[in-house]
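J.: First the structure, which I've put down as structure tokens, then a few questions once you've had a look.
The numbers here are math on the coordinates, done by the rules we state, and not lab data. Since the model is a prediction, treat every value here as computed from it, not as a measurement. We place every Cβ from the backbone using ideal geometry, glycine too, and count neighbours over all the protein chains shown.
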Amino acid sequence: MGQSLVQNYLHTIFSTKHRQPLIKGAIEQELHAYLGGICNRLECQSIIVGGYVDHVHILCKLSKKIALVKLIEEVKSHSSKWMKTKGGEFSDFYWQDGYGAFSVNPSQVDAVVDYIANQHEHHQRKTFQDEYRAFLKKYRVEYDERFLWD
């Protein structure tokens, strides 16, 4: 084959350290735009970034030029440093150590976009922990609850 063709949609989820509710007000949209910009700079086309006060969801196309772990490392480290520049209330901003990353069937991209776009309404009924456990169950990911949260 003469060229490499890749189309991997990726839904990534991670929270603030100890699920601190720090992503609210004006910083929310700024942070989401910043996260999308990092993805785009790494040639991982950002489709939508959203979330709630204690976590984010990123739907992007994973580039053929970068490993998943490197994408997450870049997104989390750069955005954490950026958040610390946004004022004293963010001086202790950190992301949790782990993350969830799930492949998305191209036929389901629109449904995931809607899901991410409606995070505020969704979290009127469900906590981040319950949401994340549901993803792990849906994707049949085995986990130990003792090591799931930080």
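J.: Taking H as built 1.01 Å from N, whose amide H comes closer than 5 Å to the amide H of residue 8, not counting residues under 5 places away?
T.: 62
J.: Scan around residue 94 for amide H atoms under 5 Å from its own, H built in the peptide plane at 1.01 Å from N, and keep only partners 5 or more places away or cross-chain.
T.: For residue 94, whose amide H was placed from the backbone, the distant partners under 5 Å are 17.
J.: Related question: Can you put 113, 104, 141 in order, fewest other beta carbons within 10 Å first?
T.: Details: 113 15, 104 18, 141 11.
Starting with the residue having the fewest Cβ neighbours, the order is 141, 113, 104.
J.: Follow-up. Can you return the aspartates and glutamates within cross-link range of residue 61? Criterion is Cα-Cα under 17 Å, with same-chain partners fewer than 8 residues away left out.
T.: List returned: 43, 73, 74, 110, 114.
J.: Nearest 20 debye, what's the magnitude of the dipole of segment 82-150 about its Cα centre given +1 on Lys and Arg Cβ and -1 on Asp and Glu Cβ? Show your work: numbers first, answer last.
T.: On the way: 9 positive and 12 negative charges, 23 e Å.
I would put it at about 120 debye.
J.: Tell me which of 72, 23, 49 sits at the most positive position along the dipole axis of the chain, charges placed on C-beta atoms (Lys, Arg +1; Asp, Glu -1).
T.: Result: 72.
J.: Could you line up 23, 66 from fewest to most neighbouring Cβ atoms inside 10 Å?
T.: Details: 23 22, 66 15.
Going from sparsest to densest Cβ surroundings: 66, 23.
J.: If packing is taken as the average count of other Cβ atoms within 10 Å, what order do 32-39, 52-59 fall into, highest mean first? Could you put the intermediate results ahead of the total?
T.: Values: 32-39: 19.6, 52-59: 22.8.
The peptides rank, most packed first, as 52-59, 32-39.
J.: Which whole-number percent is the relative contact order of the chain (Cα, under 8 Å, 6+ apart)?
T.: Numbers: 193 pairs, mean separation 46.6, N = 150.
Rounded, it is 31 percent for the chain.
J.: Grab the DSSP H runs of the chain that are 4 residues or longer, score each as -39,500 (n - 2.57), total them, divide by all residues and round the 222 nm result to the nearest 500 deg cm²/dmol. All intermediate terms of the calculation are to be shown ahead of the outcome.
T.: Numbers: 5 runs with 57 residues, N = 150.
After summing the helix terms and dividing by the residues of the chain, the value is -11500 deg cm²/dmol.
J.: With +1 on each Lys and Arg Cβ and -1 on each Asp and Glu Cβ, and nothing else charged, work out how big the dipole of the chain is about its Cα centre, in Debye to the nearest 20. Intermediate values should be presented prior to the final figure.
T.: Values: 19 positive and 18 negative charges, 56 e Å.
Rounded to the nearest 20 debye, it is 260 debye.
J.: Residue by residue through segment 6-21, which ³J(HN,Hα) values in whole Hz follow from phi under the Karplus form 6.51 cos²θ - 1.76 cosθ + 1.60 (θ = phi - 60°), with glycine and proline marked x?
T.: Result, ordered by residue: 9, 9, 10, 7, 10, 10, 10, 9, 7, 10, 5, 4, 6, 6, 5, x Hz.
J.: For the residues 142, 74, what sequence is obtained by ranking on other C-beta atoms within 10 Å, fewest first? Walk me through the numbers on the way to the answer.
T.: Working: 142 5, 74 16.
Fewest-to-most Cβ neighbours within 10 Å comes out as 142, 74.
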